[in-house]
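Notes follow once the structure below has been shown.
The values are calculated or read from the model by the stated rules, or taken from the named source; none is laboratory data. This structure is a prediction, so every number in the text was calculated from the model and none was measured. Quick reminder, even Gly has a Cβ in these numbers, built from the backbone with ideal geometry, and neighbours come from all protein chains shown.
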Amino acid sequence: MPLLARTRGRSRALGTRGTLMALCHAAGLPVASACSGRGACGRCLVTVLAGGDGLSRPGSRERRVLARLGAEEDQRLACQCRLEDPAGTVEITTGYW
Ligand code: FES
């Protein structure tokens, strides 16, 4: 099952390969960014609604930015994480979709 994006109360299927940001962009969904996906700005923060175990673990860069932002445990940087288990289902959303 691919990545799902919850937009306006509906789930929308995205792809399975690449960063969450790349998958969103490929589907025409905007993801905020001020660093072109280099893991510096934190603007691409998304909330994981389900299936977070199917995502790659946060690397040191992502952990630093999440800590700086005071992010919740269910929040990740879309430019830094990927689907690890293409058979799983991960659902994400943002405050602006
Ligand atoms: S786009 Fe800047 S941290 Fe992800």
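Just one residue in the set P30, P86 is at pLDDT 95 or above and under 23 Å from R10 (Cα atoms); that residue is P30. Under the condition of being surrounded by fewer than 19 Cβ atoms within 10 Å (Cβ to Cβ) and outside any strand (DSSP E or B), the residues counted in the range 2-21 number 7. Taking residues in the range 39-52 that are over 19 Å from R68 (Cα atoms), and partners anywhere that are hydroxyl-bearing (S, T, Y) and not in a loop (DSSP other than H, G, I, E, B), the pairs with Cβ atoms closer than 8 Å and at least 6 places apart or on different chains are L49/T93.
Does T94 count as among the hydroxyl-bearing types (S, T, Y) and more than 13 Å from the ligand (Cβ to nearest atom)?
Working: among the hydroxyl-bearing types (S, T, Y): yes; more than 13 Å from the ligand (Cβ to nearest atom): no.
No.
Limited to the range 15-41, what total is found for residues that are among the basic types (K, R) and near the ligand (Cβ under 7 Å from one of its atoms)?
Initially, the range 15-41 is screened for residues among the basic types (K, R), giving 17, 38.
Filter again for near the ligand (Cβ under 7 Å from one of its atoms), leaving 38.
Qualifying residue count for the region: 1.
Would you check if there is a residue in the range 42-58 being over 16 Å from L3 (Cβ atoms), surrounded by fewer than 17 Cβ atoms within 10 Å (Cβ to Cβ) and more than 9 Å from the ligand (Cβ to nearest atom)? Checking the range 42-58: at least one residue is over 16 Å from L3 (Cβ atoms), surrounded by fewer than 17 Cβ atoms within 10 Å (Cβ to Cβ) and more than 9 Å from the ligand (Cβ to nearest atom).
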